[in-house]
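The values are calculated or read from the model by the stated rules, or taken from the named source; none is laboratory data. Just so it is clear, the structure is predicted and the values come from calculations on it, not from any experiment. Reconstructed Cβ throughout: ideal geometry from the backbone, glycine too, with neighbour counts over all protein chains shown. For the accessible areas, the whole protein counts, side chains as well, though only heavy atoms, and no ligand, DNA or RNA atoms are used. Shrake-Rupley method; radii C 1.70, N 1.55, O 1.52, S 1.80 Å.
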Amino acid sequence: LTPVLAVDHVKKVYTTGTRHVEAVRDLHFDVARGELVCVVGPSGAGKTTLLRCIAGLMDVTAGEVRLEGSAISGPPRGMAVVFQEYGRSLFPWMTVRGNVELPLKEKKVPRARRTVLVDEALATVGLDHVHDSYPWQLSGGMQQRVAIARAVAYEPHILLMDEPFAAVDAQTRADLEDLIRELWARLRVTVLFVTHDIDEAVYLGERVLVLSNSPTVVLEDVRIDLPGE
Ligand code: ADP
Ligand code: ADP
């Protein structure tokens, strides 16, 4: 069975003038369909580098990233990313509905189907009543729910999350973590969730990849038995 995501012996060297920084040395793992994988490591462990390579925002120095078996070059379709800075990722001049719908327009999803996907996604994240609000009228936690709805509506092969809850308060963060677990269990989306917080990784993931400090390799690949599953 082809994994959704294959990170195949990826190496990334940053070159600035004559200086070379080997950020990622030999990163190697697969993510199977329906997995919820957390990637955890301290600052400087190469998490951002890894995500940029997976999202096709940066070329790898050696090795290969494959999505559904095809090598990635440039930003691929079929991925949705939720970033830490919700304020940066939503367009303030568009309504909530407009923000969630935009990637579907770019994907050329027909209008009637777009309406269904947007309504379902917003209901899924518990935001039935704010379709016509603007992001700046919502709390940080609600804005992050909009970003999650937008990612889910896109029906991605894999949902990438880059420290998505680092900027919200503890209670909101706990609520959002539960929301991700619930979405994952219900929709069976494949999730790669990156965090520097080991507690969050262990709480959220059914599998946790622990990265070493640079140059990055996978130190541990742990499966976690979730209660009630
Ligand atoms: P993390 O996201 O886990 O904090 P990064 O991927 O940002 O880790 O960084 C991994 C390593 O690569 C660190 O040593 C960092 O200093 C280095 N690095 C990251 N980006 C660059 C860059 N643009 N140029 C040079 N070195 C970089
Ligand atoms: P993170 O929040 O993931 O830890 P960082 O604060 O490490 O991110 O990095 C912020 C930005 O600085 C990124 O664009 C990263 O590529 C860049 N960067 C990190 N380390 C270096 C470095 N040693 N040299 C140049 N750029 C770097």
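A few remarks follow.
- Beta bridges from DSSP with both residues in segment 114-229: antiparallel share about 55 percent, rounded to the nearest 5.
- Rel. contact order, % - alpha carbon contacts under 8 angstrom, at least six apart, the chain: 30
- Remark: the Cα gyration tensor places segment 137-211 in the oblate category, a/c being 1.5 or greater and a/b not exceeding b/c.
- Evaluated on segment 92-193, the Kirkwood hydrodynamic radius is 13.8 Å, with distances taken between all distinct Cα atoms.
- Scattering profile of segment 1-102 at q = 0.10 Å⁻¹ [log10 I(q)/I(0), Debye over alpha-carbon scatterers]: -0.35
- Most fluctuating residue given options R77, R19, R150, as computed from a GNM of the chain linking Cα atoms under 10 Å: R19
- The chain: angle of helix 111-124 to the longest principal axis, Cα-based, in degrees nearest 10: 80
- Local charge for E101 was computed over the other residues whose Cβ lies under 14 Å away, with Lys and Arg +1 and Asp and Glu -1, and equals +3.
- Remark: relative contact order (segment 72-175) = 46 percent; criterion is Cα-Cα distance under 8 angstrom and separation of 6 or more residues.
- Working ranking of peptides 24-36, 166-178 by packing, defined as the average number of other Cβ atoms within 10 Å per residue, highest first, is 24-36, 166-178.
- What you get for segment 119-229, charging only the Cβ of Lys and Arg (+1) and of Asp and Glu (-1), is a dipole of about 200 debye around the Cα centre.
- Sequence-distant residues sharing a close amide H with I224 (under 5 Å, placed H): R207, V208
- Placed amide H near E35: partners under 5 Å, 5+ positions off or other chain: V191
- Relative to the longest principal axis of the Cα atoms of the chain, the long axis of helix 96-106 makes an angle of roughly 60 degrees.
- In this structure segment 101-176 gives 46 Å² per residue of accessible area when probed at 1.4 Å with all protein chains present.
- Sum of side-chain charges, H157 neighbourhood, beta-carbon under 14 Å (Lys, Arg +1; Asp, Glu -1): +1
- One equal scatterer on each Cα of segment 1-53, no solvent, Debye formula: the resulting log10 I(q)/I(0) at q = 0.25, 0.29 Å⁻¹ is -1.07, -1.25.
- Note on the chain: with neighbouring protein chains present and a 1.4 Å probe, carbon and sulfur make up 51 percent of its accessible heavy-atom surface.
- Rg over Rh for the chain works out to 0.97, using Cα positions for both radii and the Kirkwood form for Rh.
- Förster-model FRET efficiency, 25 Å R0, D132 and R186, C-beta, rounded to 0.05: 0.45
- When only Cα pairs below 8 angstrom with a gap of at least 6 residues are kept, segment 1-135 shows a relative contact order of 22 percent.
- Cα-based helix-to-principal-axis angle, 170-187 vs the chain, degrees rounded to 10: 90
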